[in-house]
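A short write-up of the structure that comes next.
The values are calculated or read from the model by the stated rules, or taken from the named source; none is laboratory data. The structure displayed is predicted, hence computed values, not measured ones. Here the Cβ positions follow ideal geometry from the backbone for every residue, glycine too, while neighbour counts run over all protein chains shown.
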Ligand SMILES: Cc1cc2nc3c(=O)[nH]c(=O)nc-3n(C[C@H](O)[C@H](O)[C@H](O)COP(=O)(O)O)c2cc1C
């Protein structure tokens with residue numbers, strides 16, 4: 001292994017102290033650019049892209065992103081080793097810092113293609129998938145999984161899963177600390193109803209100390225993030241809190257690395273202006289970017305005015321950067 005690859009891996013490991021979860025329809029490139037302004041250090045995940053889509057679909061649209069987003073991980077969905085390997089080879093030139101396999105998503109569409117959380121029942125197939133992905137490139141391959149599905153016993157299934165998949169060469173797992181129930185719950189309910197079991201994930205780190213184990217699920221504050229890191233876990237992954245309340249959990253997050261880090265909420269708005277201007281210039285719509293910014297002042301005076309001005313104003317003809325100033329004025333007014 002060349003030294004640059006080794007360095008790459010250590011940067012990626014380090015970045016995982018805190019990461020922003022893959023979220024379909026949410027963590028697109030605009031969202032990641034926005035998040036990156038607030039945290040220079042966190043690993044940012046793409047939405048899941050299926051391997052067949054990468055192989056057969058428009059590469060630039062599915063895989064393109066801005067250099068400013070690094071470190072960034074591509075999440076793939078799939079269960080055909082050859083197809084996943086082909087997708088990895090196609091993704092490599094885009095320069096992702098990591099490629100992640102989704103073994104946690106319970107949606108029907110994903111189940112019918114036999115990928116996502118249903119793969120918790122097929123660890124041998126997951127091992128084949130990651131072996132093929134690792135063979136296809138030098139980019140680190142990681143797995144995001146659940147603690148089990150349906151009536152599986154997580155105490156039995158999870159260590160077996162980690163043992164078998166790590167034997168195929170993956171050393172880095174992100175564990176969403178709740179089961180997925182494949183029948184009867186919507187994807188949204190599957191993120192809320194099955195109980196969280198952080199202790200089990202901590203025990204997995206104790207049982208597999210050589211593996212990088214990151215925990216995910218219900219982490220809504222930097223205090224809890226720090227507590228879980230102090231408990232010995234290698235990283236915390238935040239999903240909904242990062243999206244809905246980035247001003248609390250991404251601004252200041254770089255302190256987890258002992259770094260002063262990125263911009264505060266107001267400076268982030270300013271720094272988004274040239275990015276939005278370039279997007280408008282190239283024929284894009286403002287809403288495609290500002291929809292990710294609605295939660296920026298969550299929980300602070302003016303949050304409601306910010307959200308209202310931005311969401312109502314963006315639909316009006318000719319909406320431009322001035323709208324951000326109008327929305328900011330609401331924040332100032334309500335805060336005064
Ligand atoms: C809108 C939305 C879309 C999601 N899409 C994905 C996805 O594409 N891949 C994936 O592995 N998990 C997906 N998830 C699950 C999150 O990555 C994460 O595991 C889950 O939300 C629990 O973390 P949290 O409690 O911090 O939100 C999604 C979650 C949400 C809210």
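Here are a few things to note about the model shown:
- Scope segment 67-89; condition touching a helix residue (DSSP H, G or I) at 6+ places or on another chain (Cβ under 6 Å) and in contact (Cβ under 8 Å) with a residue 60 or more places away in the chain; matching residues: 71
- One residue from 160, 153, 128, 138 being out of contact with any helix residue (DSSP H, G or I) (no Cβ under 8 Å at 6 or more places or on another chain), in the same structural domain as residue 16 (by TED's automatic domain parsing) and more than 16 Å from the ligand (Cβ to nearest atom): 153
- Hits in segment 132-155 - residues which are assigned to a helix (DSSP H, G or I) and loosely packed, with under 15 Cβ neighbours inside 10 Å: 135, 155
- Listed conditions (1) touching a strand residue (DSSP E or B) at 6+ places or on another chain (Cβ under 6 Å); (2) within 16 Å of the ligand (Cβ to nearest atom); (3) not in a loop (DSSP other than H, G, I, E, B) are all met by residue 200, apart from (1).
- Segment 212-230 - residue that is surrounded by fewer than 18 Cβ atoms within 10 Å (Cβ to Cβ) and assigned to a loop (DSSP other than H, G, I, E, B) and, of those, farthest from the ligand (Cβ to nearest atom): 221
- Filter result for residue 233 (crowded, with 20+ Cβ neighbours inside 10 Å and either at pLDDT below 95 or assigned by TED's automatic domain parsing to the domain that holds residue 195 (or both)): yes
- Scanning segment 165-177 for residues that are crowded, with 17+ Cβ neighbours inside 10 Å and more than 23 Å from the chain's Cα centre (by Cα) yields a count of 1.
- Residue 233 fulfils the conditions (1) assigned to a loop (DSSP other than H, G, I, E, B); (2) more than 16 Å from the ligand (Cβ to nearest atom); (3) over 17 Å from the mean Cα position of the chain (by Cα) except for a single criterion, (2).
- On inspection, residue 162 passes the criterion of being touching a residue at least 12 places away in the same chain (Cβ under 8 Å), more than 17 Å from residue 20 (Cβ to Cβ) and assigned to a helix (DSSP H, G or I).
- Count of segment 255-301 residues which are surrounded by 19 or more Cβ atoms within 10 Å (Cβ to Cβ) and assigned to a helix (DSSP H, G or I): 10
- Segment 167-197, subset touching a helix residue (DSSP H, G or I) at 6+ places or on another chain (Cβ under 9 Å) and not in a loop (DSSP other than H, G, I, E, B), residue farthest from residue 75 (Cα to Cα): 167
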